[in-house]
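Presented below is the structure to which this report refers.
The values are calculated or read from the model by the stated rules, or taken from the named source; none is laboratory data. Keep in mind that this is a model prediction, so the values were computed, not measured. Glycine gets a Cβ as well: all are built from the backbone with ideal geometry, and neighbour counts include every protein chain shown. For accessibility, only protein heavy atoms count, side chains too; no ligands or nucleic acids. Shrake-Rupley method; radii C 1.70, N 1.55, O 1.52, S 1.80 Å.
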Amino acid sequence: MGALLEVILPVFLVIGFGFIAVKRGFFAPEGADALMKFTQSFAIPCLLFSAIANLELGTYFEPRLLLSYYIPAVSGFTLGTLGARLLFGRPWEDSIAIGFCCLFSNAVLLGLPITERAYGEAALSPNYALIALNAPICYGLGITTMEIVRNKGGGVLRTFRAVMTAIFKNALVIAILLGFVVNLTGVSMPGVLNDAIDLMIRAALPAAVFGLGGVLAQYKLEGDLGPVLMICALMLVLQPLATWGIGRELAIDRDAFRSVVLTAAMAPGVNAYVFANMYGVAKRVAASSVLVATAGSVLTIWVWLLLLP
């Protein structure tokens, strides 16, 4: 019960404050959207830039950690896509968007604050290593698959351009790449610039979590129940379970094991809806799955925290 009260509920209470503020009209939906725009385009990129710039790459960018997370994630995308197509008879484009909901976990807005509250700020380095590759891998896989289906296997150059454009227009990806540049070159940044970035970082997670609640308040709980429950089962139970098994088999250290399992146990992120909206397919299922899985993760994350060493 201590983990639920001390680690999980404070984060979800802030989400709840944002949710109620928008639902009750105390905070305009446009304000919540603007707040998310600020955090995702400016504050969180500053957080990721600083984290990657100061990360010990040789220690945390190691294959066992990455395999423990991305094998289950890519498997979840495959199972979600095939399940939507074969079990629920959705068109291929809908199925890929539903599969994307089983791929892109909320590693930043939920994974970072919950891991920090559970194990302290010093425990976040493995999280940053996973997040650094999350957007490029997930968007690369989702967009490539969608463009192949839309082009019926043709238009390789067009597909490649679409993938590269979507990835490198993303502020998070740009910030991560700049962080790698600073890390690998050893460039010393002016102190005044570091202080400005630190000010942005302090606003990143609280504002993002509150804004997430405001955005969720704008979603309607609708869409096919079957695909939504499938997404919840894959994201909240099966993928963290697979990550647990692979992490144990590969004998990753305790801190990395905690981070990778918790990251895998997060609900789908808002990016799942962004992807569906970008292609205009399965938007109701994506929105419903983000809402239902985020609410359900209050209990499932509690269970994973109790089980983790």
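Among 49, 88, 275, whose mean-square fluctuation peaks in a Gaussian network model of the chain (Cα, cutoff 10 Å)?
With Cα springs under 10 Å in the chain, the top fluctuation among 49, 88, 275 is at 88.
On a straight-distance basis, which aspartates and glutamates could pair with residue 23 in a cross-link, Cα separation under 16 angstrom, same-chain partners fewer than 8 positions away excluded?
Excluding near neighbours in sequence, the set is 33.
Can you give the accessible area per residue of the chain, in Å², using a 1.4 Å probe? Walk me through the intermediate numbers first.
Details: 13560 Å² over 309 residues.
Each residue of the chain exposes 44 Å² on average to a 1.4 Å probe.
Using a/c under 1.5 as the rounded threshold, could you call the range 64-110 rounded, prolate or oblate? The axes a ≥ b ≥ c are square roots of the C-alpha gyration tensor eigenvalues, and prolate needs a/b larger than b/c, oblate otherwise. Intermediate results must be reported in sequence, preceding the final value.
Values: a/c = 3.70, a/b = 1.86, b/c = 1.98.
Taking the square roots of the gyration eigenvalues as a ≥ b ≥ c, the range 64-110 is oblate.
With every protein chain present, what accessible area does residue 116 have (1.4 Å probe, heavy atoms only), rounded to the nearest 10 Å²?
Around 70 Å² of this residue is reachable by solvent.
Under 1.5 on a/c is rounded, so check that first for the range 22-76, then, if it is not, pick prolate when a/b is larger than b/c and oblate when it is not; a ≥ b ≥ c are the square roots of the alpha carbon gyration tensor eigenvalues. Intermediate results must be reported in sequence, preceding the final value.
On the way: a/c = 4.90, a/b = 1.86, b/c = 2.64.
Oblate is the answer for the range 22-76, as a/c is 1.5 or above yet b/c matches or exceeds a/b.
Of all GluC sites (Glu not before Pro) in the range 1-89, which ones are in loop regions per DSSP and have a Cβ with at most 14 other Cβ atoms within 10 Å? Don't skip to the answer; put the middle values down first.
Details: sites: 6, 30, 56; in loops: 56.
When the GluC sites (Glu not before Pro) of the range 1-89 are filtered for loop state and at most 14 Cβ neighbours within 10 Å, 56 remain.
Where the centre of each part is set by its Cα atoms, how far does the range 60-87 sit from the range 117-135, in angstrom?
Distance between centres, Cα-based: 19 Å.
Counting each DSSP H run of 4 or more residues in the chain as -39500 (n - 2.57), what helix-only mean residue ellipticity at 222 nm follows after dividing by all residues, to the nearest 500 deg cm²/dmol? Please report the intermediate quantities before stating the final value.
Working: 16 runs with 227 residues, N = 309.
Mean residue ellipticity at 222 nm (helix-derived): -24000 deg cm²/dmol.
Which aspartates and glutamates does residue 283 reach when only Cα atoms under 15 Å apart count, and residues fewer than 8 places away in its own chain are ignored?
93, 94, 222, 224
Order 164, 278 by their accessible area, 1.4 angstrom probe, all chains in place, largest first. Write down the numbers at each step before the final one.
Details: 164 65, 278 95 Å².
Descending order: 278, 164.
Classify the range 157-309 as rounded, prolate or oblate, taking a ≥ b ≥ c as the square roots of the eigenvalues of its Cα gyration tensor: rounded when a/c is under 1.5, otherwise prolate if a/b is larger than b/c and oblate if not. Intermediate values should be presented prior to the final figure.
Details: a/c = 1.61, a/b = 1.23, b/c = 1.31.
The shape class here is oblate.
At 1.4 Å probe size, put 26, 19, 42 in order of accessible surface, largest to smallest. Walk me through the numbers before you get to the answer.
On the way: 26 165, 19 65, 42 115 Å².
Accessible-area ranking of 26, 19, 42, largest first: 26, 42, 19.
Roughly speaking, what is the centre-to-centre gap between the range 213-270 and the range 90-108 when only Cα atoms are used, to the nearest Å?
The range 213-270 and the range 90-108 have Cα centres separated by 12 Å.
Determine, for each peptide in 98-107, 61-70, the mean count of other beta carbons within 10 angstrom over its residues, then list the peptides with the highest first. Display every interim value, and only then the final one.
On the way: 98-107: 29.5, 61-70: 19.5.
Listed from highest to lowest mean packing, they are 98-107, 61-70.
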